[in-house]
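A.B. asks: Please read through the structure below; I'll follow up with questions.
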Amino acid sequence: MKSAKFTVSALALIAASATAATARDQIQVSGSSTVLPYSTIVAEAFGENTDFPTPVVESGGSSAGLKKFCEGVGENTIDIANASRPIKDSEIEACKAAGVTEIMEVRIGYDGIVFASDIAGNDFAFTPADWFNALAAEVVVDGKVVPNPHTKWSDIRAELPDQEILAFVPGTKHGTREVFEEKVIAAGCEESGAAEVLKAEKGEDEGEAACMALRTDGKSIDIDGDYTETLARIQSAKNGIGVFGLSFYENNTDKLKVATIAGVTPSTETIAAGEYPVSRPLFFYVKKQHIGTVPGLKEFAEFFVSDELAGPEGPLAAYGLVADPELAATQAAVADEATLAQ
């Protein structure tokens with residue numbers, strides 16, 4: 001992880017003084033493994049540069065973090081959920097049912113989803129249709145819906161390497177999985193023309209579900225852990241290709257080789273320019289009802305999205321975050337403690 005250096009002006013961006021101790025005076029954060037390194041960088045800097053304790057940051061996936069977030073209000077519940085996707089309406093309802101009625105949504109920037117393999121392996125130039133045809137449970141062959149018969153990437157397109165299909169994809173509790181399904185698998189289903197055939201044969205709803213159903217014959221393997229587990233799998237299975245966040249890849253370029261998607265190489269520049277097709281915003285969600293009860297909670301949120309931390313010259317950008325061009329609006333929303341409509 002790249003080190004973060006702070007100037008006197010950066011240290012002065014909040015006037016932090018710890019308030020009276022409560023039953024719990026340490027901020028509790030859980031959720032996305034993609035947001036984890038950014039949250040960890042900020043938490044460590046917050047603990048070093050203010051009078052507040054260093055927040056406790058845990059991973060586990062966006063869905064798992066939001067589930068914990070929505071368990072209720074009080075010292076035994078977390079204060080912040082990190083997420084690599086927006087909170088769902090169903091999660092907002094679950095929060096509301098448990099008494100979590102004031103939720104602050106904070107967008108920290110953008111990240112890309114990349115496809116990377118062993119540094120010494122083949123070069124790959126993918127399209128979303130390639131990934132659909134490689135991993136979908138059912139594909140269209142000669143106009144008919146059939147169980148996926150493809151075993152090698154070259155079965156899909158002759159231009160792809162003659163290499164066995166083996167993909168390590170985030171498990172269903174990860175926000176990255178949902179973005180992967182929507183922006184790669186479902187997009188590839190449409191791009192390949194399979195969506196029309198599937199919907200004609202199965203009906204609109206079942207056809208749409210079939211577009212995102214992944215095969216279960218060992219070619220697509222769910223990874224429930226974080227990206228370090230995916231990297232370990234690739235190191236032990238050199239023909240494997242993993243789904244990663246851009247920042248993780250950029251911090252492991254000595255071990256991984258990245259593929260292009262639709263002819264575009266993923267980078268902070270191509271994501272910022274809107275050229276790379278598989279990018280997404282990153283968030284954290286704050287339980288406003290804990291502000292004033294858990295010391296430093298609002299200050300931590302403001303610290304996280306400050307120019308010094310989340311701006312284009314800050315340590316989060318140095319680690320791989322694509323800075324949000326609308327960061328000032330986010331800063332204002334946090335200062336105002338603006339909440340989602342419920």
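The values are calculated or read from the model by the stated rules, or taken from the named source; none is laboratory data. Note that the structure is a prediction, hence the values are computed from the model and not measured. Cβ sites come from the backbone with ideal geometry, for glycine too, and all protein chains shown count toward neighbours. Quick note on the areas: whole protein, heavy atoms, side chains included, nothing else; ligands and nucleic acids left out. Shrake-Rupley method; radii C 1.70, N 1.55, O 1.52, S 1.80 Å.
A.B. asks: So, of the residues in region 165-184 that are over 16 Å from Gly240 (Cβ atoms) and among the β-branched types (Val, Ile, Thr), which turns out to be surrounded by the fewest Cβ atoms within 10 Å (Cβ to Cβ)?
C.D. replies: Here the residue is Thr172.
A.B. asks: For region 31-76, which residues satisfy the criterion of being more than 15 Å from Leu321 (Cβ to Cβ), among the aliphatic types (A, V, I, L, M) and open to solvent by 10 Å² or more (accessible area, probe 1.4 Å)?
C.D. replies: Val56, Val57, Ala64, Val73
A.B. asks: Considering every residue within region 291-303, establish whether at least one is of a type in the set (Gly, Ala, Ser), open to solvent by 30 Å² or more (accessible area, probe 1.4 Å) and in a loop (DSSP other than H, G, I, E, B).
C.D. replies: Checked region 291-303: at least one residue is of a type in the set (Gly, Ala, Ser), open to solvent by 30 Å² or more (accessible area, probe 1.4 Å) and in a loop (DSSP other than H, G, I, E, B).
A.B. asks: A further question on this structure: Restricting to region 65-93, count the residues that are at pLDDT 95 or above and either in a helix (DSSP H, G or I) or in contact with a Gly (Cβ under 7 Å, 6 or more places away or on another chain) (or both).
C.D. replies: Result for region 65-93: 15.
A.B. asks: Let me ask something else. Can you tell me how many residues within region 37-64 are out of contact with any Gly (no Cβ under 9 Å at 6 or more places or on another chain) and part of a helix (DSSP H, G or I)?
C.D. replies: Residues in region 37-64 being out of contact with any Gly (no Cβ under 9 Å at 6 or more places or on another chain) and part of a helix (DSSP H, G or I): 9 in total.
A.B. asks: I've got another one for you. Kindly provide the set of residues from region 144-164 that are open to solvent by 30 Å² or more (accessible area, probe 1.4 Å) and closer than 17 Å to Glu208 by Cα, ordered by number.
C.D. replies: Lys144, Val146, Pro147
A.B. asks: Please enumerate the residues belonging to region 185-226 that are open to solvent by 20 Å² or more (accessible area, probe 1.4 Å) and in a strand (DSSP E or B).
C.D. replies: Matches in region 185-226: Leu214, Ile221, Asp222.
A.B. asks: On to the next question. Any residue at all in region 229-247 that's in contact with a helix residue (DSSP H, G or I) (Cβ under 8 Å, 6 or more places away or on another chain), more than 20 Å from Glu164 (Cα to Cα) and either open to solvent by 10 Å² or more (accessible area, probe 1.4 Å) or not assigned by the TED database to the domain that holds Val145 (or both)?
C.D. replies: Taking every residue of region 229-247 in turn, none turns out to be in contact with a helix residue (DSSP H, G or I) (Cβ under 8 Å, 6 or more places away or on another chain), more than 20 Å from Glu164 (Cα to Cα) and either open to solvent by 10 Å² or more (accessible area, probe 1.4 Å) or not assigned by the TED database to the domain that holds Val145 (or both).
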